[in-house]
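No value in this document is a laboratory result; all are computed from the given coordinates. These numbers were taken from a predicted model, which means no experiment stands behind them. Backbone-built Cβ (ideal geometry, glycine too); neighbour counts: all protein chains shown.
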Ligand code: SF4
């Protein structure tokens, strides 16, 4: 069977999706990047390579995420696209009429506005933790709770609390105050869900119309409390796709299939054996003009396979 693979490498997770000719998902994988993207890519590929039927032939590979250029170099991907494109492609595949995509991951979040299947506007937050999954992880740890239980407990709240959520420091001191005044854990968690959603809508979505149909994806979509908080704030249903936590990888796989169908030819994919190679990244500062660009290079078994980062493109070797 022919298949196309999407790889989404971010600072928190490394995800893989394998799809067939009809964009049907064959296999998915979600693992933690743990600050070591090369190792994460190799581990993820090794796991997927062992799991899938040996008759599956990978005909094209796409990468996305903040480490998309690095992962393209390592696996020999045919195409590398931004997270905005990959998430929009995946969401509109499952919901062709989607108007608004809300995506909240571990350390970044984004909103994408669509019209007739085309991205018309977007915004991302990669700086402030208060609108991302790490905000919830941090507060769950403070309350000695498993993050998996966060949403279910939040929905047991009998009253609504207003928690200042515009940054983790304010939220923490407000939470302590609310605990001291006798509010239940459920009420505090529900308040935190509302705070994250308020922060997301007021900052990331500022000035944008969030029209339905609305799709909510990314790891935080597993938290039922956040889904309900979005529905309350926006006054409409918020849909969560089945593969909510690997939508970027699915989008990259769809883009790889489209790319290979348009370009023809053979994939550049090095095969699942990339796990056996030694990779090393190095960087240097180009001193050929006042821009002083940081140039990154990737070596495979000591041999240069990719280089990027210069503004003028003079060092560029990719793919
Ligand atoms: S890579 Fe190009 S733009 Fe950057 S410092 Fe060197 S010469 Fe200048």
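Multiply the residue gap between residue 304 and residue 50 by 0.36 nm, knock off their C-alpha separation, and tell me the result in nm, one decimal place.
Contour length minus the Cα-Cα distance gives 88.6 nm.
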Practice problem: Name the shape class, rounded, prolate or oblate, that the alpha-carbon gyration tensor gives for the range 1-124, where a ≥ b ≥ c are the square roots of its eigenvalues, rounded holds for a/c under 1.5, and otherwise prolate holds if a/b is larger than b/c and oblate otherwise. | Solution: oblate
Quiz prompt | Relative contact order (percent, whole number), the range 97-240, Cα cutoff 8 Å, 6+ residue spacing | solution = 30
Self-check item: Degrees separating the helix 247-263 axis from the principal Cα axis of the chain, which is the longest one
Solution: 30
Quiz item: Between rounded, prolate and oblate, where does the chain land on the alpha carbon gyration tensor, with a ≥ b ≥ c its root eigenvalues, rounded for a/c under 1.5, else prolate if a/b exceeds b/c?
Solution: prolate
Quiz item: Under the definition of Cα pairs under 8 Å and six or more residues apart, what whole-number percent is the relative contact order of the chain?
Solution: 22
Quiz item: Based on the Cβ-Cβ distance of residue 292 and residue 25, what FRET efficiency does E = 1/(1 + (r/R0)^6) give at R0 = 51 Å, to the nearest 0.05?
Solution: 0.70
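Ranking 172, 303, 280 by Cβ neighbours within 10 Å, fewest first, what do you get?
303, 280, 172
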Practice problem: Would you compute the Debye intensity of the range 278-319 from its alpha-carbon atoms alone, equal scatterers and no solvent, and pass along log10 I(q)/I(0) at q = 0.18 Å⁻¹ to two decimals? | Solution: -0.48
Quiz item: If you count the DSSP beta bridges with both ends in the range 1-118, what percent of them are antiparallel, to the nearest 5?
Solution: 70
Quiz item: Mind ordering 42-49, 146-153, 178-185 by average Cβ neighbours within 10 Å, highest first?
Solution: 42-49, 146-153, 178-185
Quiz item: Kirkwood hydrodynamic radius for the range 171-260: how many Å is it when counted over pairs of different Cα atoms?
Solution: 15.2
Self-check item: Considering only the range 97-240, percent of DSSP beta bridges that pair antiparallel, nearest 5
Solution: 65
Quiz item: Ranking 312, 205, 236 by Cβ neighbours within 10 Å, fewest first, what do you get?
Solution: 312, 236, 205
Quiz prompt | Between helix 37-51 and the chain: long-axis angle, C-alpha atoms, 0 to 90°, nearest 10 | solution = 80
Exercise. Once you have the Cα-Cα distance between residue 206 and residue 276, take 0.36 nm times their residue separation minus that, and quote the gain in nm to one decimal.
Key: 20.5 nm
Practice problem: Quick one: angle between helix 133-142 and the longest Cα principal axis of the chain, in degrees between 0 and 90, rounded to 10, please. | Solution: 50
Quiz item: Given only helices, namely DSSP H runs of n ≥ 4 each adding -39500 (n - 2.57), what is the per-residue ellipticity at 222 nm of the chain, to the nearest 500 deg cm²/dmol?
Solution: -10500 deg cm²/dmol
Quiz prompt | Paramagnetic reach from residue 94 (point 7 Å along Cα→Cβ, amide N under 16 Å) across the range 9-43 | solution = 15-20, 23-30
Quiz item: Taking every DSSP beta bridge that has both residues in the chain, what percent is antiparallel when rounded to the nearest 5?
Solution: 70
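Quick check: residue separation of residue 162 and residue 284 times 0.36 nm, minus the Cα distance between them. What number comes out in nm?
Length gained, residue 162 through residue 284: 39.1 nm.
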